[in-house]
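Okay, structure first, notes after.
The numbers here are math on the coordinates, done by the rules we state, and not lab data. Small disclaimer: the values here were computed from a predicted structure and weren't measured. Counting neighbours? That spans all protein chains shown, and the Cβs are built from the backbone with ideal geometry, glycine included.
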Amino acid sequence: MALVVVVGAGFSGAVAARELAEAGHRVVLAERRDHLGGNAYDERDAAGVLVHRYGPHIFHTQAPPVWDYLSRFTAWRPYEHRVLASVGGQLLPLPINRTTINRLYGWDLSEEDVRRYLQRVRVDRKPLRTSEDVVLSRVGQDLADRFFRGYTLKQWNRELSDLAPGVAGRIPVRVTEDDRYFEDQYQAMPRDGYAALFRRLVDHPAIAVGLGVEGLDLPERRQAALVVYTGPLDAYFGHGLGRLPYRSIRFEHQHLPGVPLVQPVATVNYPGPEPYTRITEFKHLTGQRHSGTSIVREYPTGTGDPYYPVPGPESDLLARRYRALAARESGVVFLGRLAQYRYLNMDQAVAAALVASKRMVRNLG
Ligand code: FAD
Ligand code: UDP
């Protein structure tokens, strides 16, 4: 039985802690915030509406092992996410689909017509080196300008052409009327919320949780056979090679008393001049009944908590140099969205933590 220190209690850290504890090791799980769950944390606001403190988190995955694993710690509420974009005074489905194009231009195109239209306006870009290449090659100039350019500039403070292809590549384009945001086989919300899921995940006699604890300052680090670090990669090395860019967001929460629902779907995106990127209304996600409603506006910013790694050529280069340092750091495993500097969804973070935990258990013997 070894002692393992896990730094950070988001999905990456909490799953690793559980797996190591179940394998018979003693785990100290240190989280600097005053709650579990990392950025997926949810809580009731002053009016009693369940909200996500760090912006909307919708669970979706294609991976049965991830689904089965988390299902040990939560029941689910079936939920398919839908997003409308506020463009030209209309609310139009995103991802762009047949309805989006017909409503935007006042047409009545069939699926086949839409396919032909996209074929005509699509810009041939090969290889696909940037998010601009991806968007232009999927939907052409006009739709790229209306739906992607402004939103991306606000979200990242970078042009589409300065971002890796995978960023805007997350959003598909469809010729059908399918208006779901995700196409994954499993789409759901934890029935009792994320905080409850995390409480069950770390509820194990071999896990000692410390909230409000700086993981890297823990005295137990010296006795630990292994440290699992899920904080920002550059922070671990005291930013010695320079700062990795992480994009932050200011979340402006608001409760609207006496308003049952304020918008038709959970999230409305604003690619236009508004200073925020999107507004999410939580009751759509949770199905909660309440006489009022609660929303959050997201204002992207360069300062504040690190939320998004910024995938682009220079940051990739710097991240690679930090990863080389990390690989030489014996007895430490770097895991998760911040420590791996990868734009991971929750299910990908869980999958990576499960794989890494198997390897750690094997190595601990
Ligand atoms: P985190 O959740 O960031 O957890 C890391 C934890 O480590 C934090 O709690 C931090 O406080 C702690 N920590 C860091 N350094 C230290 C230290 N030195 N000592 C102690 N503690 C430390 N994914 C989806 O699948 N669906 C979505 O809809 C979705 N929406 C998102 C919306 C927003 C606005 C954001 C920002 C992300 C979204 N994600 C979504 C991604 C999701 O948040 C991540 O996949 C997930 O949080 C990754 O978990 P993690 O444990 O790697 O990192
Ligand atoms: N995007 C956009 N317009 C939109 C939605 C997304 O330009 O209305 C681009 C933008 O660059 C964004 C990326 O696509 O960062 C990925 O969007 P997603 O909704 O997956 O972002 P997340 O939920 O991770 O913030």
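What the table below lists for this structure:
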{"read-out": "Flag for GLU214 being among the acidic types (Asp, Glu), over 19 Å from VAL361 (Cα atoms) and within 16 Å of ligand 2 (Cβ to nearest atom)", "value": "no"}
{"read-out": "Residues located in the stretch 333-352, provided they are basic (Lys, Arg) and in contact (Cβ under 8 Å) with a residue 40 or more places away in the chain", "value": "ARG337"}
{"read-out": "Spans of strands (runs of 3 or more DSSP E) in the stretch 1-97 with at least 1 residues farther than 30 Å from GLU177 by Cβ and within 14 Å of ligand 1 (Cβ to nearest atom)", "value": "3-7, 26-31, 42-44, 50-52"}
{"read-out": "Residues (without any contact (Cβ under 8 Å) to a residue 12 or more places away in the chain and within 16 Å of ligand 2 (Cβ to nearest atom)) located in the stretch 166-207", "value": "ARG170, GLU183"}
{"read-out": "Matching strands (runs of 3 or more DSSP E) fully within the stretch 251-365 where at least 2 residues are crowded, with 18+ Cβ neighbours inside 10 Å, touching a Ser or Thr at 6+ places or on another chain (Cβ under 7 Å) and not polar (S, T, N, Q)", "value": "278-281, 293-301"}
{"read-out": "Residue ID - surrounded by the most Cβ atoms within 10 Å (Cβ to Cβ), chosen from residues in the stretch 118-152 that are of a type in the set (A, V, I, L, M, F, W, C) and under 17 Å from PRO313 (Cα atoms)", "value": "VAL134"}
{"read-out": "Selection within the stretch 308-355 - hydrophobic (A, V, I, L, M, F, W, C) and within 11 Å of ligand 1 (Cβ to nearest atom)", "value": "PHE334, LEU335, LEU338, ALA339, LEU344, MET346, ALA349, VAL350, ALA351, ALA352, ALA353"}
